[in-house]
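Beneath this line is the structure, given in structure tokens, with notes to follow.
The values are calculated or read from the model by the stated rules, or taken from the named source; none is laboratory data. Just so it is clear, the structure is predicted and the values come from calculations on it, not from any experiment. Every residue, glycine among them, receives a Cβ derived from its backbone with ideal geometry; neighbour counts consider all protein chains shown. Side chains are part of the model used for accessible areas, which takes the heavy atoms of the whole protein and leaves out ligands, DNA and RNA. Shrake-Rupley method; radii C 1.70, N 1.55, O 1.52, S 1.80 Å.
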Amino acid sequence: MKKKAIRRFDLNKPFHPSDIKDLREEELELLSEDIRKNIIENCAKNGGHLASSLGATDLIVALHHYFDLPKDKIIFDVGHQAYAHKILSGRTLENLRKKNGVSGFQKREESVFDPYEAGHSSTSISAAMGMALARDLKGESYQVIAVIGDSSFSNGLAFEALNNLGSFKHKVIVIINDNNRSIGKAVGSTNNYFEKFRLSRSYLNLRKKYRALKKYRATRWFYRLTSGIKNYFKRLFVRKNLFSLSDIYFISNVDGHDFGALERVFGYAVNAPSSVVIHVTTTKGKGYAPAEKDVVGHWHGVEPFDIKTGKPLKKLDPKYTCWSGVYADLLKEKMASDPKMVLINPATMVGSKIDDLLESYPDRVFDVGISEEHGAVFAAGLAANGIHPYYSIYSTFLQRSYDQVSHDIARMDLNVTLLVDRVGLPEEDGETHAGIYDVAYLMSIPNVAIAMAKDQVEAKELFDFSIKYEHPLAIRYPRGQTLIMNNKKVKALKLGEWKLENKGKDIAIISYGPIVNELLTNYKDYTIINAVFLRPIDEPLLRTLKDYSHIVIYDIYGTKEGFASLVLNALNDLNYEGRLRVMALPNKFIAHGSAAEQLKDCQCTLDDLDKLVKKLK
Ligand SMILES: Cc1ncc(C[n+]2csc(CCOP(=O)(O)OP(=O)(O)O)c2C)c(N)n1
């Protein structure tokens, strides 16, 4: 018999979504391999969420092959693992995360194959339930599928959804993609729970071979005889699981790299009368050895890199260090000198450069997993009982802890220091990852002081200040690099005191953060004020500006509703009679691109400032 030709696709051109439908298993395997190569090449060029996307590729290929997309709807939790989904729905990764290129997450305006959007984790089950109810109310018929990682599954929001799913009459299919990793190591009891019944990959391979016995007449009798006995013992020994007390069907240990196994359970899930949770095991980073081996999380999200060596393409200037590293070093010193110092972080230890602290001080450093709310209240509990904790968290994820900062930390006026990492424009991650809203929302909460340093020395000054400060304090810092300034003298800061960095006349520019260094280089004739504390503001210093003809507030790390509005209100109260100009980020969701492009689109570049200032003269 003539062997059928194998079909391959050029994935640098848009893939036609229906082309997957009649592929055979061996062709699906090759397609997956080609997709993984394409993901590696494009992440090496553009950066991106490499390891998660490689691990989920086979699962996504099987989903596209089996389900009727886009009629059936898949919601990817976070959405960072869905690069294969982008390719199979006709998008190329050529300009992944670049301005006007495809986003790194699901995006409704990008494709009808993206029914929902995320970037923050653990929303997929709730969203799927909403979509399923809407489907049934409208009398429509299709499947709604949520794909969620094992660590995202451990978050409270996912558990709230599951709690409701048990009695929910509108069917959804939840697929837990268990790769036994978060960004780095997976933590917590949910992971321990998965650990209990997660089967090893060699067992899964053996099981695949065993199941193949039923295909052939010569071995079928053996399969039938032994599988009955095996199932009897399995029922005896398999313990009750999380779902056994509800109407939800639970299927565990499906090999997420085995198309046959995946499609078999998809069939079962589609025919089941109520919601189904399928636990699938995959290998994070599959197809790229350094990413497969990585347990720390370096290959979760990557900057452009050399595929052969795995080294980043960007050469770092040894005179500079990253902001996260600056605060990590300060924390390190404090952890070593203070046996009661406690540090908490929700699943971003690697990004904030504090993962090694967890190893050195396992009793006082806590990676609480993706649990931003819990982390904040945990800190509040410590503070209420006499320990001053530091809560390290990305600005964008602090949004999740808003109520806990307000209701728990601020209301009781507790001495919790928030180390707010990644403030500023969202860069390549786009809308869901902006660190520009925290000042505006923290400002709405009484008792919270907010500060940001312009350089490494000031970071040390702020950190020293935080140690003695007995109330809630948020210290913000951006991503990116700052000049190393070892052995420089530090001064003691006073709450709310700003720094008059340069004394000029007529025009005063009030700003804060690293951009102040640029202002000092660019403007020798104007007064430059460094508002180290964004809140409370320095009213005595503001009063001294009453004779200036112009005051400009320049903020590239927050929206107009934040720092600028505080200063405007204060100047209003002080009856300032000169002219005021605000150049701050707009209250918008900012799409992915480079920081420079985003700043330009927001009309907040140094050139924009220069034009504005020149017009004032
Ligand atoms: C609320 C929230 N906190 C933190 C993050 C940062 N983050 C992105 S992916 C990720 C790990 C997700 O792990 P898992 O769900 O197991 O998926 P995997 O990447 O391993 O496939 C984290 C912590 C986030 N996106 N949202």
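Over the chain, calculate the relative contact order: mean separation of alpha carbon pairs under 8 Å at least 6 apart, over the residue count, as a percent.
11 percent
Given their separation in residues at 0.36 nm each and the Cα-Cα distance between them, Glu195 and Lys491 gain 101.5 nm when the chain is fully extended. For the chain, the share of alpha carbon pairs falling in successive 10 Å distance bins from zero is 3, 15, 24, 23, 17, 10, 5, 2, 1, 0 percent. Computed with a 1.4 Å probe over protein heavy atoms only, the accessible surface of the range 17-293 comes to 44 Å² per residue. Beta bridges per DSSP, both residues in the range 502-575: antiparallel share near 10 percent. If you plug the beta carbon distance of Arg543 and Ala212 into 1/(1 + (r/R0)^6) with R0 = 56 Å, you get a FRET efficiency near 0.10. Starting from the Cα of Glu303, step 7 Å toward the Cβ, then list every residue of the range 482-519 with an amide N under 13 Å from that point. It comes to 482, nothing else. Between Lys4 and Asp68, full extension at 0.36 nm per residue minus the direct alpha carbon distance yields a gain of 20.5 nm.
With the convex hull of the Cα atoms taken as the outline of the range 499-616, the averaged projected area works out to 6.9 nm². Kindly identify the range 322-483 as rounded, prolate or oblate by the Cα gyration tensor criterion: order the square roots of the eigenvalues as a ≥ b ≥ c, call it rounded if a/c is under 1.5, otherwise compare a/b with b/c, prolate if a/b is larger, else oblate. Rounded, since a/c falls under 1.5.
Could you tell me what percent of the accessible area of the chain is made up of carbon and sulfur, with a 1.4 Å probe and every protein chain present? Summing carbon and sulfur atoms, their accessible area is 53 percent of the total for the chain.
Simple spin-label estimate for Phe589 and Glu160 gives 1.9 nm between the two label positions (7 Å along the Cα-to-Cβ direction from each Cα). Placing unit charges on each Cβ (+1 for Lys and Arg, -1 for Asp and Glu) gives the chain a dipole about its Cα centre, and among Leu343, Leu495, Leu473 the Cα reaching farthest toward its positive end belongs to Leu343. Take the Cβ atoms of Asp525 and Asp413, set R0 to 45 Å, and the FRET efficiency comes out at 0.55.
With r defined as the distance between the Cβ atoms of Lys315 and Glu110 and R0 fixed at 41 Å, what FRET efficiency is calculated, to the nearest 0.05? It comes to 0.80. Here the spin labels are modelled as points 7 Å beyond Cα on the Cα-Cβ line, and at Ser360 and Asn517 they lie 2.4 nm apart. About its Cα centre, the range 17-293 has a charge dipole of approximately 1100 debye under the convention of +1 per Lys or Arg Cβ and -1 per Asp or Glu Cβ, with nothing else charged. Beta bridges from DSSP with both residues in the range 322-483: antiparallel share about 10 percent, rounded to the nearest 5.
Taking label points 7 Å from Cα along the Cα-to-Cβ direction, Asn575 and Lys37 give a separation of 7.7 nm.
Using alpha carbon coordinates only, what is the Rg to Rh ratio of the range 61-209, with Rh defined as the Kirkwood radius? A ratio of 0.98.
Around the amide H of Lys73, modelled in the peptide plane, lie the amide H atoms of Gln143, Val144, Ile145, all under 5 Å away and 5 or more residues distant in sequence or on another chain.
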